[in-house]
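The values are calculated or read from the model by the stated rules, or taken from the named source; none is laboratory data. Because the structure is a prediction, the values reported are computed rather than measured. So basically every Cβ, Gly included, is an ideal-geometry build from the backbone, and we count neighbours across all protein chains shown.
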Amino acid sequence: MKRPATLTAVAVLLSVAVARVVPSSHVRHEVRDGLLNSHWTKKNRIEGATTVPVRVGLTQSNLDIGEALLMNISHPNSEHYGKHLSASEVDEMFAPSKKRIDAVTKWLKSALSDRVINLSRSRQFLELNATVAELQDLLHTDYHEKRDETSVRSFGPMVPKLTPTLTMRPEHPGDLSNCSSMVTPECVRAMYNVADKPKGHPNNSIGIYSTQGQQYSPDSLSIFLKLFAPEIPQGTQPEFQGVDGAPTPTPLPYDAAEEADLDFQAAYPLAYPAKVVNYLVDDFYYEAGGGGVSGLFNTFLDALDKSYCTYSAYGETGDLPGVDPTYPDTSEGGYDQPEQCGAYTPTNRRQCNEWMKLGLQGVTVIVASGDGGVGGFGGSQCSDGPFVTIQPADCPYVTAVGATNLTTSSIRGSVKFSEKAAGFSGGGFSNIFGTPSYQANTVNSYFSNHPPPYDYYNITLNATHTTGRYNRGGRGYPDVSAIGVNFATWVGVNDGITLAAGTSASAPVFAGLITRINSFRLNAGKKPVGFINPMLYQHPEAFNDITTGHSSGCSTDGFSAVEGWDPITGMGTPNYPKLKEVFLNMP
């Protein structure tokens with residue numbers, strides 16, 4: 001979703017700067033040398049008495065076999081397809097060895113003997129509180145404040161009002177001839193040939209992530225469903241799961257809930273009668289990592305994996321027993337952040353591995369591909385250097401969804417639909433993660449038949465010191481796309497219909513369809529679809545190929561939509577009957 005230009009704020013973070021003599025026994029472990037550090041101004045040193053929460057990630061075991069195991073239970077040609085693991089099996093498989101735990105604990109106690117050091121329940125993190133002075137002595141470095149007075153990091157930017165708000169009830173909400181100017185649930189069903197009627201199943205659910213700064217409005221959802229999905233009983237609301245004490249959603253005194261309103265209103269008509277779960281994290285500031293840099297999803301991952309950041313990481317305490325260890329079959333989120341904007345490589349990899357663990361348990365993680373084209377937030381977070389890529393969309397263990405624009409919905413009296421790539425839709429090639437096996441042939445075919453008109457490099461490390469625009473050796477995204485422009489959304493009890501645009505409309509649409517397919521599989525005695533990417537790339541016939549339009553950003557035309565997969569629309573938009581057939585034919 002795109003953030004309004006008038007919304008400004010001051011973001012602050014702690015910066016580590018090496019300014020001390022480092023003994024020969026120590027080496028520099030990581031450098032936050034991100035693409036966007038120029039936005040931050042170095043300020044004063046942090047007072048030594050300042051107490052900060054510390055979380056030390058321990059090297060996990062068996063990560064080298066995690067991807068192979070995920071492919072083994074997710075690839076359509078595997079005899080082990082659908083044989084998902086339990087939460088306890090996943091915990092045990094990746095837990096660090098006792099030798100690693102003891103070694104790191106000994107190192108911490110050598111300088112912080114008076115501090116209580118806690119081991120998380122699944123043995124993946126050591127956690128404590130320490131003063132800045134103690135950490136400076138331990139790490140042989142200095143801590144400084146850094147400040148960005150131009151903007152706050154965007155949380156799946158908010159919905160733009162593309163037309164004046166419409167306060168009247170639409171006369172014909174099911175009129176398909178107007179779909180290009182206002183996309184309703186009926187339009188989406190017609191576009192993707194969704195005509196079936198799934199039955200509910202107690203084990204089927206879709207989880208939607210949101211932050212306290214983006215609470216959906218229960219009243220807005222009720223009005224929207226009454227107007228556009230009257231088949232859903234009035235009073236239907238998501239099951240609420242507040243993470244670390246997040247309050248029940250209520251109307252906000254300012255127009256800041258459009259992101260969450262869109263997520264639920266786009267997903268509900270397609271996912272129903274499956275249960276919808278709202279995962280609301282408690283604190284906008286801490287969820288941002290103390291100022292909008294590296295912590296997005298940390299509190300959410302804590303709720304899903306009790307080992308992720310328990311005790312006092314990021315200023316939060318406790319876990320969510322009601323959520324752990326039962327997860328929704330589909331988890332959708334429209335929030336994103338740049339790969340290398342202070343959230344350095346280990347953070348990206350750690351979070352990506354958590355998505356892999358969910359895939360091993362049969363959870364489909366669906367995310368938006370971002371709304372900055374190839375230029376990150378606002379489309380301009382680069383000049384002549386590498387294009388900006390977005391996480392978690394570039395993680396190979398999630399399904400990233402790009403956006404399309406409906407250009408024609410009525411031709412000579414008959415309803416037909418024509419889609420093109422939305423120019424703001426994010427996509428590209430990861431600078432951290434290599435091309436996964438499930439998409440290697442498809443991406444190589446793209447480079448052979450439709451090579452982008454830019455210089456490139458071929459690495460899977462931080463791209464800061466390279467020449468070229470994109471990493472030809474990186475994971476390509478998005479995987480698929482769906483309608484994401486002129487989406488009818490009811491915002492505020494008295495505000496009316498807003499026409500929204502963004503990949504945060506596309507992601508819940510696709511997630512709703514996958515949840516719908518899960519209803520049929522579960523009622524047939526089968527497992528949920530789980531990690532779907534290997535299946536998607538094996539079945540191009542299950543998608544409507546998008547071949548027009550291009551992305552934008554960095555003063556370029558970005559990537560173009562072409563025949564076959566491309567880094568703006570992926571495999572294309574869903575042909576729902578074919579996609580459903582593909583998954584129902586699997587054991």
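Give the residues of the stretch 199-220 that are crowded, with 22+ Cβ neighbours inside 10 Å and either under 20 Å from residue 522 (Cα atoms) or under 23 Å from the mean Cα position of the chain (by Cα) (or both), sorted by residue number.
Step one: list which residues in the stretch 199-220 are crowded, with 22+ Cβ neighbours inside 10 Å, which gives 204-211, 214-217, 220.
Listed by number, the residues that qualify are 204, 205, 206, 207, 208, 209, 210, 211, 214, 215, 216, 217.
Confirm whether residue 541 is touching a helix residue (DSSP H, G or I) at 6+ places or on another chain (Cβ under 8 Å), in the same structural domain as residue 391 (by TED's automatic domain parsing) and under 22 Å from residue 189 (Cβ atoms). Step through it out loud before you land on a result.
Working: touching a helix residue (DSSP H, G or I) at 6+ places or on another chain (Cβ under 8 Å): yes; in the same structural domain as residue 391 (by TED's automatic domain parsing): yes; under 22 Å from residue 189 (Cβ atoms): yes.
Judged against the criteria, residue 541 is a match.
Out of (1) at pLDDT 95 or above; (2) in contact with a strand residue (DSSP E or B) (Cβ under 9 Å, 6 or more places away or on another chain), what's the single condition that is false for residue 445?
(2)
Residues in the stretch 105-134 that are of a type in the set (Lys, Arg) and touching a residue at least 12 places away in the same chain (Cβ under 8 Å): how many? Show your work before the answer.
Start the filter on the stretch 105-134 by keeping residues that are of a type in the set (Lys, Arg), which leaves 106, 109, 115, 121, 123.
Those left that are additionally touching a residue at least 12 places away in the same chain (Cβ under 8 Å): 115, 121, 123.
Adding up the residues that qualify gives 3.
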